[in-house]
1. What is the magnitude of the charge dipole of the range B:19-137 about its Cα centre, with +1 placed on the Cβ of each Lys and Arg, -1 on the Cβ of each Asp and Glu, and no other charges, expressed in debye to the nearest 20?
2. Cβ neighbours within 10 Å, averaged per peptide: list A:224-232, A:123-131, A:322-330 in order, most packed at the top.
3. How well do other chains shield peptide A:50-57, expressed as the mean number of their Cβ atoms within 10 Å of each residue Cβ?
4. Can you tell me the mean projection area, over all orientations, of the convex hull of the range A:6-185's alpha carbons? Units nm², please.
5. Need one number: convex hull volume per residue for the range A:206-330, Cα atoms only, in Å³.
6. Please identify the trypsin sites (Lys or Arg not before Pro) of the range A:1-38 that satisfy two criteria: DSSP loop assignment and at most 12 other Cβ atoms within 10 Å. Which are they?
7. Please report, in debye to the nearest 20, how large the charge dipole of chain A is about its Cα centre when each Lys and Arg carries +1 at its beta carbon and each Asp and Glu carries -1 there.
8. Taking chain A as a Gaussian network, Cα atoms linked when under 10 Å apart, which of A:Pro106, A:Pro340, A:Pro354 shows the biggest mean-square fluctuation?
Amino acid sequence: MYDIAAEHAPAIAAAIALLIFLWLAVRALSVLAHRRIRWAVALVEGYLATSAVTRLAAVLMLLSGVIHLVLIPSHEGITGVLFVINGLGFIVLGVAAFFTSWWRRPALVWLVATIVAYIVWVIAGWETPDQIGIACKLIELVALGLTLRLAQPGRRTWPRRIWRAVAFPLMASVTTLGIWVGGLAHPDALHAHAGAILQPVAAVATPEQRQAAARLVSDTRASIARYQDPAAAIAAGFKPGPVSSADPLRHFENSANANAVLDPTHPQALVYAQTKHGLQLIGAMYQMKRAGQWGPDPGGPLTQWHQHEGICFSPFGFEFSFETPFWTCPVGSTSITTPPMLHVWIVDNGKLGPFAADLDKTVQKQLQGS
Amino acid sequence: MSITSPAVAASATPSTTSSPEIASVLVVTQASLSLVAGLSAIPFGIVEPGFRVLSLITIVIAIGMFWLARNLRRQRRWARRWVIALEALSLVASLLLTVLPIGAMRGPVPVLVNLVMPAAVLWLLWSRSGRAAFKKAERSDAGGAS
């Protein structure tokens, strides 16, 4: 669900380069300080006098600052201006942490303001959350937590204690929810149902593509007709998938067909609907071998493959939920990305059509009631 | 030849307590992310009974991690042992998932959250300064008790 935007990719190189530069700078300063060069001694003493908590908070702010500065070219207008201010602010505060005592409060304000601004931008749809943006927020959240820990203990009243205990977890939770809400509120054109990413295709199908799509449906229907009885499918090597209370459709997979590519005679799975009279064959599912490996689309936009990502899969009961923007899942489940798949529905799938990622809800209800 | 400003000297804290402090912040961050993961699975529990249990377990573990982080900051040795065990388990599970072809680790965010953060906590608690901080706390506790 959250990929790396191409224009944000340079941030990774910049972050790695900064860490290498900082390491080399500390080594070089140490060498110069050993030679009793006065300004180097001052810098090294300033560095050594700070606690590891301060040092890490400073490095994280420098990282965030450099990431913001590197991303300026990909952000226009007011967002770009804010990136300049933000990046420079973080660098000033990161450096100030080593040599001043006033940096902590401005850093807290800067970090909270940056995180809140990102949430607002994402929810408003002015910024698309991607892994670079989310990783940057994680860096800022940890920097915020460290900076909060450096607070001098004040009066030990209960409201203060409670606030100190919940402020940081609350901020981390609000950030997660904010990014999530923003991402779900403004999905891009390639998001089908939640967790399904569609193959990029042309907008309009050519007459040849329409013919090819119709041929794929008829070939698939003819090929799988022999599996109307689930027992025939099992005899042919298809294994029934687990029953899920969340999904009334059952997939029967055949691992022997794993290497076939969009071959109607060797579909990777058959799809049955649970009706009052037992299982009814409603379609086939073609699947590629690896995630990100889109299959051939003879029907162009009509035969658009999709892959599932950003979902938490639990082997206990074959169930799914959504993973958070920080890529966390409930204990006992794991994030998975499926290889691309293409459904071919041999029943009338209403408005969604024969290649939709999902079965039309109305059709599904009719089948369940039949 | 020291030219360190008094302000800097005043802001400095003893480095032996830094490892537990940093580790506790990282554990609180992990706990917060786990808490949201657990809470967000609750709606799925309406139709998926397995996620009812998993979300509840996740929330309980997240609360436990908050408690461990608090005691880590207070340099309790039992908290250190528990956090090391949990983080090691988490790291091993994440490494196994990285090897499996299921796309569990794609991009910087899962690597930071599932690999770098547990590894950092383990390193902080296992490092010489980390061990020293907990030994020092134990000695001061024993000294205070005698």
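1. About 760 debye.
2. Numbers: A:224-232: 14.1, A:123-131: 17.4, A:322-330: 26.8.
In decreasing order of mean packing, A:224-232, A:123-131, A:322-330 become A:322-330, A:123-131, A:224-232.
3. 6
4. Taking a quarter of the hull surface, the average projection is 11.5 nm².
5. Cα convex hull per residue, to the nearest whole number: 131 Å³.
6. Values: sites: A:Arg27, A:Arg35, A:Arg36, A:Arg38; in loops: A:Arg35, A:Arg36.
In loop regions of the range A:1-38 (DSSP not H, G, I, E or B), the sparsely surrounded trypsin sites (Lys or Arg not before Pro) are A:Arg35, A:Arg36.
7. Dipole magnitude for chain A comes out near 1800 debye.
8. A:Pro106
Readers should treat all values here as calculations from the given coordinates under stated rules, not as data from a laboratory. What you are looking at is a predicted structure, and each value in this text was computed from that prediction instead of being measured. Here the Cβ is made from the backbone with ideal geometry for all residues, glycine too, and neighbour counts use every protein chain on show.
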